[in-house]
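The values are calculated or read from the model by the stated rules, or taken from the named source; none is laboratory data. A quick note: this is a predicted structure, and the numbers were derived from the prediction, not measured. Note: ideal-geometry Cβ built from the backbone for every residue, glycine included; neighbour counts use all protein chains shown. These area figures cover heavy atoms from the full protein model, side chains too; ligands, DNA and RNA do not enter into them. Shrake-Rupley method; radii C 1.70, N 1.55, O 1.52, S 1.80 Å.
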Amino acid sequence: MIRALFMSRFTIALDKTRNAYKFFSESLLGWDEHIDRGMPWQGEKDPYKIWLSEILLQQTRVQQGLSYYLNFVEAYPTVQDLAKAEDDEVFRLWQGLGYYSRCRNLLHTARFITNELDGVFPHSYDELLKLKGIGTYTAAAISSFAFGDLRPVIDGNVLRVISRFFGIEDPIDTKSGRNAISKLTKSCIEITDNSAAYNQAIMNFGAIQCTPKFPKCSNCPLVNYCKAYQLNLVSQIPIKSKKIKKRERYFVYFNIESNEHILIKKRTDRDIWQNLYELPMTELSTPFRNLESISENWAIPIRKELIESLNISTTFKQNLTHQKIIATYVDISLIESNELATKPYFWVSKSELDQYAFPKIILDFLKVRARQLGISY
DNA sequence: AACCCGGGGCA
DNA sequence: TGCCCAGGGTT
């Protein structure tokens, strides 16, 4: 008797949960039917193009990544084309998108697939996961979109939509929160028979309907069973426990021009903007005061005797995820042009600057400088 | 688990 | 300003 009662209650609870998964998945698929975001990779089956789009879109809004995707597909229609491209050329195409280690990993994996895997993409989630630049999200995306695996993706959209609908109050940046969401996504996708459509739908839904701020609950097809809505926690969920702290860095850049050439170097340190180019620079531990105070940190690869004038030009700021860069630019004119550049530094004709990838804070300066000179970089 | 890696858009 | 974005690598 007691056992029967227990069994019956258990069954009802399970059935209610299962209905919740079913309602969730089917509502999403229904909602997504009339959504067209004009994304050229939608419905794409070529794993190379799917991979390319997913790398470009990591931590990047679709609208921002779209033009980059079109440029890359045109320049490198196949993984072999990308594999044989010059590093600098690919980084130049990536310029402005940020998180440049993605570009380095992209090139590494393109060459690995071309040279070691005979140009064939791995078909399984586990094999995809071994590739550089491919983590759990991207492996799930490629295996579901290209190969039809029943594999749920978990990106920022999914974390938000799932945690809201099922009322997950554990922080999503903790193990318990991630585990809870991971279990739910598996249950929801298993209800469906089209994982590609499901994954597409939930990400579209997060981007358009269940947005981070001001989600459109008033016309949401899921609102009646949305736990966060019932608890009035929509604006609180998803909950994050960590808060990033930002440090300030003070850069001094030297714009050394000579005979229509400019002195640059490549950034090679394990630091921000690795593989990009920049002007000669020194970093200060305190904010820039004046030119005299930096003479001890002298980092200009030019003999002082050749310097005719040295003037503070402009200051630019740039906000990164964990750093705030404050860069002071110094214009330097030389008495005589064409001192031989040493070591990592080299002269570049101003007309050829567009062959190199620069961080935004350098581009901002070059743009202003070009306007001063009446030319365009 | 904590930290690092850009740049754009938005309120 | 602070937050978020079709995350991943390193320690």
Of all residues making up region A:130-172, the number that are of a type in the set (A, V, I, L, M, F, W, C) and under 20 Å from A:Thr60 (Cα atoms): 12
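Of the residues in region A:54-69, how many are surrounded by 13 or more Cβ atoms within 10 Å (Cβ to Cβ) and closer than 15 Å to A:Asn157 by Cβ? Spell out the reasoning first.
Within region A:54-69, the first condition is being surrounded by 13 or more Cβ atoms within 10 Å (Cβ to Cβ), and the residues that meet it are A:54-58, A:60, A:62, A:64-66, A:68-69.
Of the ones still in play, those that are also closer than 15 Å to A:Asn157 by Cβ are A:54, A:57-58, A:60, A:62, A:65.
Residues in region A:54-69 being surrounded by 13 or more Cβ atoms within 10 Å (Cβ to Cβ) and closer than 15 Å to A:Asn157 by Cβ: 6 in total.
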A:Thr328, sole failed condition from (1) more than 14 Å from DNA strand B (Cβ to nearest atom); (2) not in a strand (DSSP E or B): (2)
Residue within region A:82-92 that is more than 24 Å from A:Asp271 (Cα to Cα) and in contact with a Gly (Cβ under 9 Å, 6 or more places away or on another chain) present: yes
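A quick yes/no check of all residues on (1) within 16 Å of DNA strand B (Cβ to nearest atom); (2) under 22 Å from A:Leu373 (Cβ atoms); (3) without any contact (Cβ under 8 Å) to a residue 40 or more places away in the chain:
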{"site": "A:Arg270", "(1), (2), (3)": "yes, no, yes"}
{"site": "A:Leu284", "(1), (2), (3)": "no, no, yes"}
{"site": "A:Asn290", "(1), (2), (3)": "no, no, yes"}
{"site": "A:Ile312", "(1), (2), (3)": "no, yes, yes"}
Number of positions in region A:139-174 that are open to solvent by 50 Å² or more (accessible area, probe 1.4 Å) and basic (Lys, Arg): 1
Scope region A:232-254; condition within 16 Å of DNA strand B (Cβ to nearest atom) and within 30 Å of A:Val158 (Cβ to Cβ); matching residues: A:Val234, A:Ser235, A:Pro238, A:Ile239, A:Lys240, A:Ser241, A:Lys242, A:Lys243, A:Ile244, A:Lys245, A:Lys246
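In the same structural domain as A:Trp347 (by TED's automatic domain parsing) and open to solvent by less than 30 Å² (accessible area, probe 1.4 Å): is that true of A:Pro287 in this structure?
no
Tell me whether region A:131-138 contains one or more residues that are of a type in the set (D, E, K, R), open to solvent by 20 Å² or more (accessible area, probe 1.4 Å), within 14 Å of DNA strand C (Cβ to nearest atom) and in contact with a His (Cβ under 9 Å, 6 or more places away or on another chain).
Yes, because at least one residue in region A:131-138 is of a type in the set (D, E, K, R), open to solvent by 20 Å² or more (accessible area, probe 1.4 Å), within 14 Å of DNA strand C (Cβ to nearest atom) and in contact with a His (Cβ under 9 Å, 6 or more places away or on another chain).
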Filtered residue count, region A:211-227, keeping only those that are in contact with a Cys (Cβ under 9 Å, 6 or more places away or on another chain) and surrounded by 15 or more Cβ atoms within 10 Å (Cβ to Cβ): 5
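Can you tell which of A:Pro152, A:Pro215 is out of contact with any strand residue (DSSP E or B) (no Cβ under 9 Å at 6 or more places or on another chain), closer than 19 Å to A:Ser124 by Cα and within 14 Å of DNA strand C (Cβ to nearest atom)? Even if it seems obvious, please write down each step before you answer.
Values: A:Pro215 fails: closer than 19 Å to A:Ser124 by Cα.
Result: A:Pro152 is the single residue among A:Pro152, A:Pro215 that is out of contact with any strand residue (DSSP E or B) (no Cβ under 9 Å at 6 or more places or on another chain), closer than 19 Å to A:Ser124 by Cα and within 14 Å of DNA strand C (Cβ to nearest atom).
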Cross-chain or 6+ apart pairs with Cβ under 8 Å, region A:199-213 first and under 18 Å from A:Ile237 (Cβ atoms), then of a type in the set (Phe, Trp, Tyr) and more than 7 Å from DNA strand C (Cβ to nearest atom): A:Phe205/A:Trp31; A:Gln209/A:Trp31
Test: residue in region A:247-264 that is over 30 Å from A:Phe358 (Cβ atoms) and at pLDDT below 95: no
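Please verify whether A:Gly177 is more than 27 Å from A:Gln63 (Cβ to Cβ), open to solvent by less than 20 Å² (accessible area, probe 1.4 Å) and within 16 Å of DNA strand B (Cβ to nearest atom), treating the condition exactly as stated. It would help to see each step written out before you state the result.
Details: more than 27 Å from A:Gln63 (Cβ to Cβ): yes; open to solvent by less than 20 Å² (accessible area, probe 1.4 Å): yes; within 16 Å of DNA strand B (Cβ to nearest atom): yes.
Yes; evaluated as a whole, the condition is true for this residue.
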Residue within region A:109-123 that is in a helix (DSSP H, G or I), within 11 Å of DNA strand C (Cβ to nearest atom) and over 29 Å from A:Ile208 (Cβ atoms) present: yes
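Condition first: open to solvent by 50 Å² or more (accessible area, probe 1.4 Å), assigned to a strand (DSSP E or B), at pLDDT below 95 and of a type in the set (D, E, K, R). Can you find one or more residues in region A:349-369 that meet it? Walk me through it before giving the result.
Here is the first cut: in region A:349-369, the ones open to solvent by 50 Å² or more (accessible area, probe 1.4 Å) are A:351-352, A:354-355, A:360, A:367.
Filter once more, keeping what is assigned to a strand (DSSP E or B): none.
No - not one qualifying residue is present in region A:349-369.
Filter region A:237-259 down to residues that are under 30 Å from A:Lys227 (Cβ atoms) and of a type in the set (D, E, K, R) and give me whichever is most open to solvent (accessible area, probe 1.4 Å). Quick ask: steps written out before the conclusion?
Narrowing region A:237-259 to residues under 30 Å from A:Lys227 (Cβ atoms): A:237-244.
Add one more test, that the residue is of a type in the set (D, E, K, R), and what stays is A:240, A:242-243.
On the way: A:Lys240: 142, A:Lys242: 145, A:Lys243: 177 Å².
Looking at the filtered set, the residue picked out is A:Lys243.
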Selection within region A:31-61 - of a type in the set (S, T, N, Q) and not in a helix (DSSP H, G or I): A:Gln42, A:Gln58, A:Gln59, A:Thr60
Residue check for A:Tyr137: within 27 Å of A:Ile202 (Cα to Cα) and more than 16 Å from DNA strand B (Cβ to nearest atom): no
Any hit, region A:316-335, residues being open to solvent by less than 40 Å² (accessible area, probe 1.4 Å) and within 24 Å of A:Glu86 (Cα to Cα): no
Selection count, region A:83-96, where residues are near DNA strand B (Cβ under 9 Å from one of its atoms) and either surrounded by 18 or more Cβ atoms within 10 Å (Cβ to Cβ) or more than 17 Å from A:Leu66 (Cα to Cα) (or both): 1
